[in-house]
1. For the peptides 298-304, 231-237, what is the packing order when you average, over each peptide's residues, the other Cβ atoms within 10 Å and list the highest mean first?
2. To the nearest Å, what is the center-to-center distance of the range 51-71 and the range 212-260, using C-alpha atoms only?
3. Taking 30 Å as R0, compute the FRET efficiency from the Cβ-Cβ separation of residue 194 and residue 343 and round it to 0.05.
4. How far is helix 85-101 tilted, in degrees, relative to the longest principal axis of the Cα atoms in the chain, given as a value from 0 to 90 rounded to the nearest 10?
5. Can you say what percent of the DSSP beta bridges in the chain, counting only those with both residues inside, are antiparallel? Round to 5.
6. Which FRET efficiency, nearest 0.05, do residue 150 and residue 112 yield, Cβ-Cβ r, R0 30 Å?
7. Starting from the Cα coordinates of the range 1-117, work out the convex hull volume and express it per residue in Å³.
8. Angle check, please: helix 120-129 long axis (alpha carbons) against the longest principal axis of the chain (alpha carbons), in degrees 0 to 90, nearest 10.
């Protein structure tokens, strides 16, 4: 497919269609990344839940099957918190009744809950494998690590949930920005402040970020079908990052995405999501289950990210064994019901083809009428005088 009129993201990443598979820690693996890459999009490997050996194994598998395909690998940039015994005890007390209900000891040991932030060891893997793109969540790593990543030739991207975060990221040298609207499933990329009640939706955030920065913008959040892709591009995005739609594919089959999560995605539960900090300690969007209804969805008692999940782990395990999703983190975006159940590769191609067809239809309907912020339009669709310069011919 070479009919996308704005080629900035295509040229920057070396991909064929402006669709990025969101890096979903615990739900996506090398199989999903390979399928998306083969379809011409940008496959992503999330590394926050993987150790060095696991990252190396996943990357080796991807390189073996698609050696020349561009790949994005994703890392978290949070600062590990100091354990707070008082807060942990308060959190245990809040969950005490659930422990007793499930026949568990509220004072018993629990596993640690961890997400690995980007460090020197992971940076060494970037230097060894030299992926086309390195993406970050929760800001950017320390300057020395970021400089090492850039020295490999990798393009650097990160998520912004506000215009201020987008400006900050551009000022720190990213090559493109993921504008993550509040509709997005999973963890918010918020990093300059902690207020979530003022977070913008995708279709308010994207045009403001486009106007505020000069680097390409990738829209994320609530984009599950071709209509969402077209809307994002008309508003000025040069590509989209899609997550929840890929949860419905057979490639989303790691143990962290068990049958209960799949069943929830196929049920009316997918129609209602909320931002919650109960499962990890940071705001993330998921389907509303029992724990969120009865405790939250936001609680000041939840320990800092990622420690909140440790105390929940025994509850989740016991409930899952009984066939219940009461204590699972059922991550999903607000547009989940629009998703199609099909393989990741065909899904990527279908979304791109349908988006192109809708652009052609728009061009035929609008004729020569100018449309605001349409610098990424394709086919015969008219464009307005955006301050961004088009690169590449269709």
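1. 231-237, 298-304
2. Their Cα centres are 22 Å away from one another.
3. Given R0 = 30 Å and the Cβ-Cβ separation, E is 0.20.
4. For 85-101 against the chain, the angle is about 80 degrees.
5. Around 20 percent antiparallel, to the nearest 5.
6. 0.40
7. 167
8. Long axis of 120-129 versus the principal axis of the chain: about 40 degrees.
Every number in this text was worked out from the coordinates using simple rules, so none of it is lab data. Being a predicted model, the structure only gives us computed values, none of them experimental. Every residue, glycine among them, receives a Cβ derived from its backbone with ideal geometry; neighbour counts consider all protein chains shown.
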